[in-house]
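Just below is one structure, and these are the notes that go with it.
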Amino acid sequence: MSAVIDGESLRALRMARGRNQKTLAQAAGVAPSVVSRLECRLQDDTNASILVALAITLGVTVDALLVADYRPTQPDLAADLSAVLADVARLPPGSPATSSGNLKSVCSHATNLTS
């Protein structure tokens, strides 16, 4: 199994916040050995609750602690949907493009953006 947690990022974030492994572990409610094993890449992954606790304690999102292969790479769906809705809003009332079938097509296209 390949590593899920980026030990180098975890260490860098911890150090940037002036914490040692013990104080980070105490603040996150985990054993100091967990932080040590993750940073040293002696443990490839961990429970989601531990990952979330570490991220919250460090003030980052969970994906900041993941190796690059596991980080989200999806486009900003909100921006894409806003653009589509703005285009639909500019259509004249009763336009064939605003029919139920065409709107389903637009929604289907938006769904494909996230696949």
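A short reminder: the numbers here are calculations on the coordinates, not readings from a lab. On a predicted model such as this, the values are computed, not experimentally measured, just so you know. Neighbour counts are summed over all protein chains in view; Cβ atoms, including those assigned to glycine, are modelled from backbone coordinates with ideal geometry.
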Rank these for me by crowding, VAL34, VAL4, going from fewest to most other beta carbons within 10 Å. VAL4, VAL34
Which cross-chain or sequence-distant (5 or more) residues have an amide H under 5 Å from the amide H of LEU66, H modelled 1.01 Å from N in plane? ASP6
Check each of the trypsin sites (Lys or Arg not before Pro) in segment 10-60 and keep only those in coil by DSSP with at most 14 other C-beta atoms within 10 angstrom; list them in order. ARG17, ARG41
Label-to-label distance, nm, for residues given as GLU8 and GLN26 (7 Å Cα→Cβ offset): 3.0
Segment 7-70 pair-distance distribution - Cα-Cα, 5 Å bins, rounded %: 3, 20, 35, 32, 8, 1
Treat each spin label as a single point 7 Å out from the Cα along the C-beta direction, and report the SER36 to ALA48 distance in nm. 2.9
